[in-house]
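See below for the structure under consideration.
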Amino acid sequence: LVTSVLTGSDSFQDVAVKIERPTFCKPFLGGFKNIITGVEFHNAGSQTIPEKRPEKGTTLFCRETQTVFEKNKCQQTTNPTSTQMTKSGLYVSVMSDKIIIPGKYFTAEEYHKRRLEAVIVLQKYFRRWYARNVVENLKEKKRLRLEWEAQEELQRKKEKEDKLRRENERRLNPKTKEDFDLLYNAVELWRQEETEQINRTLTGAERKAALCGLLEQEAQLIASIGRHKLNADEENQQKAVLHFLNKCAQPKRWRAYDGKITEMDTQYTLRARELLEIYCSVSMKDIPKDERIDVLLTLRSTVKEHECELTQEIVELIDREVDLRSREVKECNLEGLRKRICTLFLQYIKTPKFNPEVAKILKVPPDPLKLYKNVHFCHSCENYLPSSEFPIAANSRTIGRCRLCCKLDNEARRRESFLKYRLILENLRKSEADYQDDAKIVFLVQQQHLQYMIENIWGCQSALSACSDLYDLVMVRWDKQQEWSPWNTILLTKDEADAHVKLHNLQEAYEASFIHGIKHKHIRAKKYFAQIPLMTSFLCRTEKQANAS
């Protein structure tokens, strides 16, 4: 900073002034305020940094820290009291006085010893109370555990009894394809046991006679199963027809924005419902004669709305039944005629020209040219069938036999029951869907592949307990952090699977030899599924993930 300084009466000299910015806060040294303008004026202070005192090398203390201040204060009780003593002219009774005699003096060591003994006594009682509570809690937990185990045992026993009861019921009253597979499987197991016993106990002509008797018994059992199958097929066909007609007669349904279901009948659904009611009336048995004639007349008026060869035949049959009823023909002699009327009327209902609603449900397309697409030839039954009738495996290169031929071959030769494998696959897919991690492989694996894994790789038994009851076995992930695959799975019982899923570290939970055996089974599964082109991409992805980790 350059400033001018007056050096004489009329002369000035420019002087350079160096201003140092202080590193400390400027102290306030007082000042004044102009009451008119409100401007504050502070007293000027020196900008020179104060000089520090030289260090003496010794620690100095101020006098205040070395001085002790003493203070005296009088104390007085809140309520003043006085004491009277016996003296001349005054007697003070000492009857109510209490004489205090000093006890035995004990040292600090004895005092602390008494305290220690008292503490030990308290600790004894507390530890006894705490131990009693711990034992009671353990007893309660043991009781609850035993009750839970008893309930689980009863539940398992009940489930097993229910399973056996259902199997017996299905064998006594078979209705579905799986029921008859169970029957054929039971016959095959029985035949194998009897054959083994005959070969073990008999020889020569006796053995041949016993085998002939066994063959006759087997033929009788198969014939009995065939009769049950015919009855079940007829009942199932009737149920399928009623289900088909009910589906046609259902009103149109849709969900509104507020969540309510709205139903609406169209002229086609009303027509289908009318035909359903007539069909149910026509197919009823053991109804009075007058009601039966009314039903036939209603049917006659309904089919006469359309003139064609089919309706003419139905009308002729109706007139024939009415004529035979007027002649008092027995009911048993009219069964064939009634079945023919029901069959022709069902054909009438399935014609889209007479029942437009049925066109949306029929599997046969209205255009005959569409039938020529996706049609294959079965070399076994020598029939042309759609592709949906062929059980094509994922690793097959050609189209083999149709489902019906495979079914007949199984009933005649192997007689295997695939119900257990289907249940295992359903449980596996359900458990994988609960993970919600977009699992794909489990939905590509087919039943025959799962059967191969269980029989040839896992030996139809649990990897831990060697339990061979397939109804109690399930498949779960070996490493639950990765998607299920044939090379990331393990076959266990239901209880073992629940415990396996809760594990966090497989290396600590299982021994090295057990883990090595599981890995070997996974390698065998990879080798088998590598033959399936669809699984090749998943195998490559798994190997890349393993190499990256």
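Work out the FRET efficiency for residue 305 and residue 230 from their Cβ-Cβ distance, taking R0 = 35 Å, and round it to the nearest 0.05. Each step should come with its number before you reach the end.
Numbers: r = 36 Å, r/R0 = 1.03.
Here the calculated transfer efficiency is 0.45.
Between residue 200 and residue 342, what length comes free when the chain is fully extended (0.36 nm per residue of separation minus the Cα-Cα distance, one decimal in nm)?
On the way: separation 142, 0.36 × 142 = 51.12 nm, distance 5.62 nm.
45.5 nm is the gain from fully extending residue 200 to residue 342.
In nm, to one decimal, how far is the modelled label at residue 494 from the one at residue 207, with both set 7 Å along Cα→Cβ?
Rounded to a tenth, the inter-label distance reads 4.5 nm.
Calculate the dipole size of the range 470-549 relative to its Cα centre from +1 charges on Lys and Arg beta carbons and -1 charges on Asp and Glu beta carbons; express the result in debye to the nearest 20. Mind dumping the intermediate values first?
Values: 11 positive and 9 negative charges, 87 e Å.
Computed about the Cα centre, the dipole is about 420 debye.
Given a 1.4 Å probe, how much area per residue of the range 183-328 is accessible, in Å²? Could you put the intermediate results ahead of the total?
Values: 9720 Å² over 146 residues.
Computed with neighbouring chains in place, this is 67 Å² per residue.
Compute the relative contact order of the range 417-547 as a whole-number percentage, counting only Cα pairs closer than 8 Å that sit 6 or more residues apart in sequence.
Details: 124 pairs, mean separation 26.5, N = 131.
Worked out over the range 417-547, it gives 20 percent.
Picking from 172, 513, 94, whose Cα lies most toward the positive end of the charge dipole for the chain (charges on Cβ: Lys, Arg +1; Asp, Glu -1)?
It is 94, whose Cα lies furthest towards the positive end.
Give me the distance between the Cα centres of the range 282-301 and the range 483-518, rounded to whole Å.
Answer, in whole Å: 66.
Would you work out the charge dipole size for the range 417-547 about its Cα centre, treating the Cβ of every Lys and Arg as +1 and the Cβ of every Asp and Glu as -1, and quote it to the nearest 20 debye?
Values: 16 positive and 16 negative charges, 102 e Å.
It comes to approximately 500 debye.
Report the one residue of 146, 244, 210 whose Cα lies farthest in the direction of the positive end of the charge dipole of the chain (charges on C-beta: Lys and Arg +1, Asp and Glu -1; origin at the Cα centre).
Selected residue: 146.
Can you list which of the GluC sites (Glu not before Pro) found in the range 250-305 are DSSP loop residues with at most 10 other C-beta atoms within 10 Å? List each step's numbers first, then the result.
On the way: sites: 263, 274, 277, 291, 305; in loops: 305.
For GluC sites (Glu not before Pro) across the range 250-305 that sit outside H, G, I, E and B with at most 10 neighbouring Cβ atoms in 10 Å, the list reads 305.
Once amide H atoms are placed 1.01 Å from N in the peptide plane, what residues at a sequence separation of 5 or more from residue 376, or on another chain, have their amide H within under 5 Å of its amide H?
Under 5 Å from the amide H of residue 376 lie the amide H atoms of 385, 387, each far enough along the sequence or on another chain.
Put +1 on the Cβ of each Lys and Arg and -1 on the Cβ of each Asp and Glu in the chain; which of 462, 60, 445 then has its Cα farthest toward the positive end of the dipole?
60
Taking θ = phi - 60°, what integer Hz values does the Karplus form 6.51 cos²θ - 1.76 cosθ + 1.60 yield along the range 156-163, in sequence order, with x for Gly and Pro?
5, 5, 5, 4, 5, 5, 5, 5
Go ahead and estimate [θ] at 222 nm for the chain from helices alone: -39,500 (n - 2.57) per DSSP H run with n ≥ 4, summed, over the residue count, rounded to 500.
Working: 16 runs with 285 residues, N = 549.
About -17500 deg cm²/dmol.
Carbon and sulfur atoms: what percent of the 1.4 Å accessible area of the chain do they account for? Write down the numbers at each step before the final one.
Details: 22540 of 42100 Å².
Heavy-atom surface of the chain belonging to carbon and sulfur, 1.4 Å probe: 54 percent.
Within the range 471-501, what residues put their amide N at less than 11 Å from the label point 7 Å along the Cα-to-Cβ vector of residue 438?
Those under the cut-off are none; the list is empty.
Assuming 0.36 nm per residue, please report the length gained on full extension of the stretch residue 274 to residue 111 beyond their Cα-Cα distance.
Contour length minus Cα-Cα distance gives 48.0 nm.
How large is the charge dipole for the range 261-362, taken about the Cα centre, if only the Cβ atoms of Lys, Arg (+1) and Asp, Glu (-1) carry charge, to the nearest 20 debye?
Working: 17 positive and 20 negative charges, 57 e Å.
That gives the range 261-362 a dipole magnitude of about 280 debye.
Taking chymotrypsin sites (Phe, Trp or Tyr not before Pro) as candidate sites, keep only those in a DSSP loop with at most 14 other Cβ atoms within 10 Å, then name the longest stretch of the chain containing none of them.
Numbers: sites that count: 24, 28, 61, 69, 91, 105, 106, 257.
My reading of the result: 258-549 is the longest stretch.
Work out from phi, with θ = phi - 60° and the Karplus expression 6.51 cos²θ - 1.76 cosθ + 1.60, the ³J(HN,Hα) of each residue of the range 481-497, listed in order in whole Hz, and give x for Gly and Pro.
In residue order, the calculated couplings are 7, 10, 5, 5, 7, x, 9, 9, 8, 8, 9, 9, 6, 5, 5, 5, 5 Hz.
Could you work out the relative contact order of the range 261-362, using alpha carbon pairs under 8 angstrom and six or more residues apart, expressed as a whole percent?
Numbers: 57 pairs, mean separation 33.7, N = 102.
Rounded, it is 33 percent for the range 261-362.
How large is ³J(HN,Hα), in whole Hz, for each residue of the range 228-241 in order, when computed from phi with the Karplus curve 6.51 cos²θ - 1.76 cosθ + 1.60 and θ = phi - 60°, using x for Gly and Pro?
Residue by residue, the range 228-241 yields 4, 5, 4, 5, 5, 4, 5, 5, 5, 5, 5, 5, 5, 5 Hz.
Please report the relative contact order for the chain, taking Cα pairs under 8 Å with a sequence separation of at least 6, and give it as a percent rounded to a whole number.
Details: 366 pairs, mean separation 36.3, N = 549.
Relative contact order for the chain comes out at 7 percent.
Cα-Cα over 23 Å: which of 175/350; 480/526; 177/527; 239/363?
On the way: 175/350 26 Å; 480/526 18 Å; 177/527 33 Å; 239/363 17 Å.
Exceeds cut-off: 175/350; 177/527.
Residue 461 to residue 422: FRET efficiency via 1/(1 + (r/R0)^6), r the Cβ-Cβ distance, R0 22 Å, to the nearest 0.05?
On the way: r = 19 Å, r/R0 = 0.86.
Once rounded, the FRET efficiency stands at 0.70.
Ignoring solvent entirely, what values of log10 I(q)/I(0) come out of the Debye formula for the range 411-511 at 0.23 Å⁻¹ when each Cα is a single scatterer?
-1.37
Which entry in (1) 58; (2) 8; (3) 21 is this structure's computed percent of Cα pairs over 46 Å apart?
Here percent of Cα pairs over 46 Å apart agrees with entry (1).
Just the accessible area per residue of the range 409-453, please: how many Å² with a 1.4 Å probe? Before the final figure, lay out each step's value.
Details: 2420 Å² over 45 residues.
For the range 409-453, the solvent-accessible area averages 54 Å² per residue.
Scan the range 445-524 for GluC sites (Glu not before Pro) in coil per DSSP, keeping those whose Cβ has at most 15 other Cβ atoms within 10 Å, and list them by number. Can you show the working numbers first?
Numbers: sites: 455, 483, 496, 508, 511; in loops: 483, 511.
Of the GluC sites (Glu not before Pro), the ones in loops of the range 445-524 whose Cβ has at most 15 other Cβ atoms within 10 Å are 511.
The values are calculated or read from the model by the stated rules, or taken from the named source; none is laboratory data. Nothing here was measured: the structure is a model prediction, and the numbers come from that model. All Cβ positions, glycine included, derive from the backbone under ideal geometry; neighbour counts span all protein chains shown. With ligands, DNA and RNA removed, areas are computed over all heavy atoms of the protein, side chains included. Shrake-Rupley method; radii C 1.70, N 1.55, O 1.52, S 1.80 Å.
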